[in-house]
Amino acid sequence: MRRNNTIACLAALLMAVAAPAQVAQKILGERHAMVKLETGKKFLLLPVEEKEENAHIRVISNNQLVKTINCRLAVNKVDYFVPYEVGKNELFDITFNGNPRSTGAINDFACWKRMTYTDTFDDRNVEKHRPVYHHSPKWGWMNDPNGMFYKDGVWHLYFQYNPYGSLWENLSWGHSTSTDLMHWTQQPTPIFGDGLGHIFSGSAVVDKNNTAGYGKDAVVAFYTTAGPSQTQSMAYSNDGGQTFTKYEHNPILTSSARDFRDPKVFWSDEAGHWVMILAVGQEMQIFSSANLRDWKYESSFGQEYGNHGGVWECPDLMKMKVEGTDKEKWMLVCNINPGGPFGGSATQYFVGTFDGHQFTCESKPEVTKWMDYGKDHYATVTFSNAPDNRHVAVAWMSNWQYANQVPTLQYRSANSIARDLGLFEFNGETYCSVRPAKEIDKARGARLSAPTETCEIVVTLSGDAQITLRNQQNERVVMTYDAEEQTFDMDRRRSGNVSFSDAFPTITSAPTYGKLRQVRIFVDKCSVEAIDADGKMAMTNLVFPSSPYNKLSVKGKAKVKIYAIKH
């Protein structure tokens, strides 16, 4: 990907034509305009100004409303462009929502001067903070990972996506694929909003036994449609997840609950039926089905258990072996926002039993367990159909406290590295173990003498230690291990640009559940992830340094090796 130290060249890279002709518009009122799109053009570039309010665009074809878009069309200046793929005989019916006293006359808006057609869209990276080996969208907004599955050697990652701006809006399912969990290729957007609402989070399964009737090994996706109420819908794919056909009788599940979303579906061998777990307010509800279309309520879990500082979201439920034993237990993943250990969003979990109908937590209700003790690890879910019965998880690497304010424009948000989940016991409790997915090991390159903007730092510990990453501007990330207290801290208060949110500069601290032997620290252009090699601790934090961290100092009982990341 192209590297550039300024965002100033963004507009130049994305325009794709040197002297664009203005798109003809018809002004119908002080807040209303229409644009007849030219048939035969591939893209219309929409100029975006993020500080403006959304303009509401009704896309009309042959007198029929076919789509609605909210886009912050530029009034005074252009921050960046996003492409709209032009259909046949389309008309944009645009309503602006800004105050005329502050925005001026509609015919003078900057969007009319910069809106243009192009047959190509230059999506090369122009962001200094865009990660290199973490997944991120080429442009636009991304949040929760959705519908993830593995099939025929390919990992499919879908995600909450706004293709028409880098702030939360127009939610669809974006799609990227990988064969190694390190290199991602963005695919066409397969699921857009419809008459039932935006497309919120969900999951996908490979229907190996054709229980739904769409064919053996059809991919069946489940997602929340968010309109006046939140309902559950489904779609199926017979081309390996590239395109989907929505079920004609959607929605498949409704509720009077205000927050009713994020279906996670899997097959229960114990009960011989499909299971759907849904986040409903501050509890999880479990449903069953034989055919993936007709669902029966089974049970609920969550009242008085764990953290209830915010809305429960993005559940997952899986059976895993407990390391070093012959036991098998179930783990229920529950993402929550707000309520995280350091403010904002985070991932908690519960360990217990599940018989295909009811989940029972083995811990006391007041016990709260966190999967990751950083600020930027949320909406964690696992890939369905992963090989070797693995449980491979990916998280959204941000926090709702500042996700819309982070200092990028071409895109917003990335995902964590993929992680293998397991279980371990410590002092009478069972905890989730987190390790870098084994595919990450294959990306380890040559030894380095100093850190770079993309590297892995392996710290072998024999007692207290302090590890400091630093750059030429003396911006730094300080990590401290206290062997006696059994804690690991990360201080990003002086890590670089922290001014965009009062909630960003912070110290995060994690229990280590015993002595740390080795910590693997993954550094990318906007993140530092510290993960215990034995799986007992994980911490994920965003950083936005002025220049890459190129110095490393270590105090205490530790030895360090630095490796390049192959990408």
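The values are calculated or read from the model by the stated rules, or taken from the named source; none is laboratory data. Please read all numbers here as calculations on a predicted model, not as lab measurements. Cβ atoms come from the backbone with ideal geometry, glycine included; neighbour counts cover every protein chain shown. Keep in mind that these areas ignore ligands, DNA and RNA; they rest on the heavy atoms of the full protein, side chains included. Shrake-Rupley method; radii C 1.70, N 1.55, O 1.52, S 1.80 Å.
For the structure I just gave you, tell me whether GLY240 is outside any strand (DSSP E or B), within 27 Å of the chain's Cα centre (by Cα) and closer than 22 Å to PRO190 by Cα. Yes. For region 319-343, a residue qualifies if it is of a type outside the set (Lys, Arg), assigned to a strand (DSSP E or B) and surrounded by fewer than 17 Cβ atoms within 10 Å (Cβ to Cβ), and exactly one does: GLU328.
This table checks each residue for (1) closer than 23 Å to THR120 by Cβ; (2) modelled with pLDDT under 95.
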position	(1), (2)
HIS32	no, no
THR39	yes, yes
GLU50	no, no
ILE60	no, no
LEU65	no, no
PHE81	yes, no
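Scanning region 97-144 for residues that are free of Cβ contacts under 8 Å to residues at least 12 places away in the same chain and of a type in the set (Lys, Arg) yields one hit, ARG101. Set side by side, the residues VAL154, VAL205 differ, and just one is of a type in the set (A, V, I, L, M), surrounded by fewer than 16 Cβ atoms within 10 Å (Cβ to Cβ) and at pLDDT 95 or above, which is VAL154.
Do you know which of the residues in region 344-361 that are part of a loop (DSSP other than H, G, I, E, B) and open to solvent by 20 Å² or more (accessible area, probe 1.4 Å) is nearest to TYR297 (Cα to Cα)? Ranking the candidates gives HIS357 first.
Taking the criterion of being exposed (fewer than 15 other Cβ atoms within 10 Å of the Cβ) and within 28 Å of the chain's Cα centre (by Cα), no residue of region 554-563 qualifies. Test ILE191 against the stated conditions and say whether it is among the hydrophobic types (A, V, I, L, M, F, W, C), buried (at least 18 other Cβ atoms within 10 Å of the Cβ) and free of Cβ contacts under 8 Å to residues at least 40 places away in the same chain. It is false that ILE191 is among the hydrophobic types (A, V, I, L, M, F, W, C), buried (at least 18 other Cβ atoms within 10 Å of the Cβ) and free of Cβ contacts under 8 Å to residues at least 40 places away in the same chain. It is to be established whether one or more residues within region 135-149 are assigned to a strand (DSSP E or B), at pLDDT 95 or above and either basic (Lys, Arg) or within 13 Å of PRO83 (Cβ to Cβ) (or both). Scanning region 135-149, I find at least one residue that is assigned to a strand (DSSP E or B), at pLDDT 95 or above and either basic (Lys, Arg) or within 13 Å of PRO83 (Cβ to Cβ) (or both), so the answer is yes. With under 22 Å from LEU181 (Cα atoms) and over 16 Å from the mean Cα position of the chain (by Cα) as the only criterion, which of HIS357, HIS377, HIS391 stands out? The unique qualifying residue is HIS391. Here PHE522, PHE488, PHE544, PHE500 are screened, and the one residue that is within 23 Å of SER136 (Cβ to Cβ) and in contact with a Phe, Trp or Tyr (Cβ under 7 Å, 6 or more places away or on another chain) is PHE500. Filter region 474-507 for residues that are more than 19 Å from VAL554 (Cα to Cα) and touching a residue at least 40 places away in the same chain (Cβ under 8 Å); which is surrounded by the most Cβ atoms within 10 Å (Cβ to Cβ)? Looking at residues that are more than 19 Å from VAL554 (Cα to Cα) and touching a residue at least 40 places away in the same chain (Cβ under 8 Å), I get PHE504. Taken as a whole, the condition of being surrounded by fewer than 22 Cβ atoms within 10 Å (Cβ to Cβ) and either under 23 Å from the mean Cα position of the chain (by Cα) or in a strand (DSSP E or B) (or both) applies to ARG520.
The single condition from (1) within 24 Å of GLY213 (Cα to Cα); (2) surrounded by fewer than 17 Cβ atoms within 10 Å (Cβ to Cβ); (3) of a type in the set (Gly, Ala, Ser) that ALA257 fails is (1).
Which ones in region 38-58 are surrounded by fewer than 18 Cβ atoms within 10 Å (Cβ to Cβ) and assigned to a strand (DSSP E or B)? HIS56, ARG58 - these are the residues of region 38-58 that are surrounded by fewer than 18 Cβ atoms within 10 Å (Cβ to Cβ) and assigned to a strand (DSSP E or B). ILE106 satisfies every condition listed in (1) within 31 Å of the chain's Cα centre (by Cα); (2) crowded, with 16+ Cβ neighbours inside 10 Å except (1). Annotation: ASP123 fulfils all but one of (1) at pLDDT 95 or above; (2) open to solvent by 20 Å² or more (accessible area, probe 1.4 Å); the unmet one is (1). Listed by first and then second residue, the pairs with beta-carbon distance under 6 Å, at least 6 apart or on different chains, first residue in region 217-237 and open to solvent by 10 Å² or more (accessible area, probe 1.4 Å), second in a strand (DSSP E or B) and charged (D, E, K, R), are GLN230/ARG261. Residue-level check: of (1) under 14 Å from SER201 (Cβ atoms); (2) in contact (Cβ under 8 Å) with a residue 60 or more places away in the chain, MET276 misses just (2). Evaluation of TYR305 against the conditions (1) in contact with a strand residue (DSSP E or B) (Cβ under 8 Å, 6 or more places away or on another chain); (2) over 18 Å from GLY340 (Cα atoms) shows that the sole unmet condition is (2). Restricting attention to region 93-103, which residues are in a helix (DSSP H, G or I) and either loosely packed, with under 14 Cβ neighbours inside 10 Å or touching a helix residue (DSSP H, G or I) at 6+ places or on another chain (Cβ under 7 Å) (or both)? The answer is PRO100, ARG101, SER102. Contact map, region 351-363: first residue in contact (Cβ under 8 Å) with a residue 60 or more places away in the chain, second residue surrounded by 15 or more Cβ atoms within 10 Å (Cβ to Cβ) and of a type in the set (A, V, I, L, M), Cβ cut-off under 6 Å, separation 6 or more or different chains; pairs are VAL351/MET331; PHE359/LEU332; GLU362/VAL351. Among the candidates LYS551, LYS566, LYS525, the residue that is open to solvent by 50 Å² or more (accessible area, probe 1.4 Å), within 25 Å of the chain's Cα centre (by Cα) and among the basic types (Lys, Arg) is uniquely LYS566.
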